[in-house]
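The values are calculated or read from the model by the stated rules, or taken from the named source; none is laboratory data. Values in this document were obtained by computation on a predicted structure and should not be read as measured data. All Cβ positions, glycine included, derive from the backbone under ideal geometry; neighbour counts span all protein chains shown. All accessible areas refer to the heavy atoms of the entire protein, side chains included, with ligands and DNA or RNA removed. Shrake-Rupley method; radii C 1.70, N 1.55, O 1.52, S 1.80 Å.
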Amino acid sequence: MSWDSFHFYAITSILLSTAGAVLSLVSPGRGKPIRTLALAGIAVMAAFIAGLWISLGRPPLKTMGETRLWYSFFVLVTGYAVYTRWNFRWILLLTTVLASVFNIINMARPEIHDQTLVPALQSFWFIPHVTIYMVAYGILACSFILALAGLIRNDMQYLESTDTLVYIGTAMLFLGLTTGAIWAKQAWGNFWEWDPKETWAAVTCSGYLLYIHLRLSGKKNARTMYWIIVISFLLLQMCWYGYQYIPASENSMHMYNISK
Amino acid sequence: MSRYYIIICIYFLVAGIIQIIFGNMDLAFMAFPVNAAVAAFIAVLLFILNREYGKSKVISFLASLKTTAVAIPVFAACCLVIALFPKFNFTTSYIFNASLLLISVNLFLSIIRYKGRFGFRFMMNHVGIIMIITALSLGSADLKKLKVIIYEGQTVDMAYDGNGTPCKLDYEISLARFEASFYEDGTPSSYSARISAGGREKILEVNSPWAKSWKEDIYISGYEPYPDGLCCFLEIVIQPWKYMILAGFIIFAIGSVMMIFGGKYGRQRT
């Protein structure tokens, strides 16, 4: 398995996921075929990731392209989970579109690397730290989609769903932060060094923490809550990849692409 | 605006004025035992104030979600300054530390006053985070990082701090062997150093430091090829608050796992 065959898997996954998403819109009562198609789309992505992992001899978690694979995968998984739990007819379509965007970017601009893994990334904490964050990003992407829907429709019915997604996603951000801090102590000598990515992670967590605490205080202004989720998700994008484009982050230890 | 929010504004204004007059904080004076005494003093003071005046509006406000709703965005704003203007060294500013103090006061009071139904999960999350904040912020005054430059076969007893100032070690470090392997394109695949210090020997690798004592770890941080051979860079990190920080993160992680499985609070429903 290599990036050469990615097009086949990506297009197959997009087609299967889209079929399930369209079916959920036009025939929402046909739950089993919808879930089967959605799961098939997820399975195809999983098969590519597993095959790439085996062929590389290491987890595909080193470059932006490889992390996009996991993001696409977990957005599909989270969309499926949200659909199964909350039965939002449109969620599958939106998460399919989101996952497809990253797959298309990967097809148009493949970031192909050899098996090089620099010593700094050779750690037990590598997989849980990055994978937990990928899951968190997927879950919070769904909360973002629901918040957007709430803002567009001016409807507060999504708040309960966003509460659940934000709790789970934020908790996973915390776990990712914890695994990263322990790894940082092992690798760099301190748990927290205010590295640019760490700092943006703190800002991101603060956004979602604010949402949680405002909701706990009884705030029911749905638009304000939705906007906090939207802004927090944008901060999450800064934390994920946006920080690299800020001159102040040039010395960050978290740059994904390792030059040969 | 409630007068308590005005008080918080005045609090940060005072921090700003102090910042302008004195510049950034000098961490040296906060070294142990001053930092431990400060933490204990604040905790005891808050405990007594809560016991004696717990029903007062001031204490209730400081413990409330209203203060949390101010403290979190202020902290986030401070983090943005750190992220966008790293040269300001904002982490040692009075304003940033005032935000940490406000968060810590809010956390401590909410911990000792909590009566909700998610007791264990709440405690794990909040006790964990206050341990992390306290140990990282106050403990930073005791953190020392020293670099050692050593060739294979060499024995040294000198290290250098971040300013390049030499610092004599209490022991000698010997580098018995340094090994590095490379991929075909020349990038390093692994490197290790067999060192000895204080009568003990250890092989250092990246991500595998030597915990020489309860507060001191030795890391292999890099190497540089020279005509005479490979020069190995070691880093000695002295962090007495290490285990408190680690305990805080573990407790915090337990609370996070409970959040994942427990989901949202049931009190808030639309």
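Per this entry, A:Thr179 is counted among residues that are more than 7 Å from every other protein chain (Cβ to nearest Cβ) and among the polar types (S, T, N, Q). Looking across the range B:134-164 at every residue that is more than 30 Å from B:Cys79 (Cβ to Cβ) and not in a strand (DSSP E or B), the one that is most open to solvent (accessible area, probe 1.4 Å) is identified as B:Glu152.
Hey, does the range B:171-190 have a residue that's surrounded by 11 or more Cβ atoms within 10 Å (Cβ to Cβ), more than 10 Å from chain A (Cβ to nearest Cβ), in contact (Cβ under 8 Å) with a residue 40 or more places away in the chain and aromatic (Phe, Trp, Tyr)? Yes, the range B:171-190 contains a residue that is surrounded by 11 or more Cβ atoms within 10 Å (Cβ to Cβ), more than 10 Å from chain A (Cβ to nearest Cβ), in contact (Cβ under 8 Å) with a residue 40 or more places away in the chain and aromatic (Phe, Trp, Tyr). Annotation note: of B:Ser213, B:Ser208, the sole residue that is of a type in the set (Ser, Thr, Tyr) and either touching a Leu at 6+ places or on another chain (Cβ under 7 Å) or more than 11 Å from chain A (Cβ to nearest Cβ) (or both) is B:Ser213. Among the residues of the range A:235-249, those that are under 23 Å from A:Val135 (Cβ atoms) and either small (Gly, Ala, Ser) or in a helix (DSSP H, G or I) (or both) comprise A:Leu235, A:Leu236, A:Gln237, A:Met238, A:Cys239, A:Trp240, A:Gly242, A:Tyr243, A:Gln244. Return a yes/no flag: does the range A:81-88 have any residue that is open to solvent by less than 30 Å² (accessible area, probe 1.4 Å), part of a helix (DSSP H, G or I) and either at pLDDT 80 or above or of a type in the set (Val, Ile, Thr) (or both). Yes, some residue in the range A:81-88 is open to solvent by less than 30 Å² (accessible area, probe 1.4 Å), part of a helix (DSSP H, G or I) and either at pLDDT 80 or above or of a type in the set (Val, Ile, Thr) (or both). If I filter the range B:98-112 for residues that are under 17 Å from the mean Cα position of the chain (by Cα), within 27 Å of B:Pro33 (Cβ to Cβ) and open to solvent by 50 Å² or more (accessible area, probe 1.4 Å), do I get at least one hit? For the range B:98-112, residues under 17 Å from the mean Cα position of the chain (by Cα), within 27 Å of B:Pro33 (Cβ to Cβ) and open to solvent by 50 Å² or more (accessible area, probe 1.4 Å): present.
Within the range A:165-190, if we keep just the residues that are touching a residue at least 60 places away in the same chain (Cβ under 8 Å) and within 20 Å of the chain's Cα centre (by Cα), the residue that is farthest from B:Phe233 (Cα to Cα) turns out to be A:Leu165. Of the listed requirements (1) closer than 30 Å to A:Val166 by Cβ; (2) within 11 Å of chain A (Cβ to nearest Cβ), B:Ala247 misses just one: (2). The residues in the range A:182-214 that are more than 7 Å from chain B (Cβ to nearest Cβ) and closer than 25 Å to A:Ile228 by Cβ can be counted, and the count is 8.
Being among the hydrophobic types (A, V, I, L, M, F, W, C), open to solvent by less than 30 Å² (accessible area, probe 1.4 Å) and more than 11 Å from chain A (Cβ to nearest Cβ) holds for only one residue in B:Cys167, B:Cys232, and it is B:Cys232.
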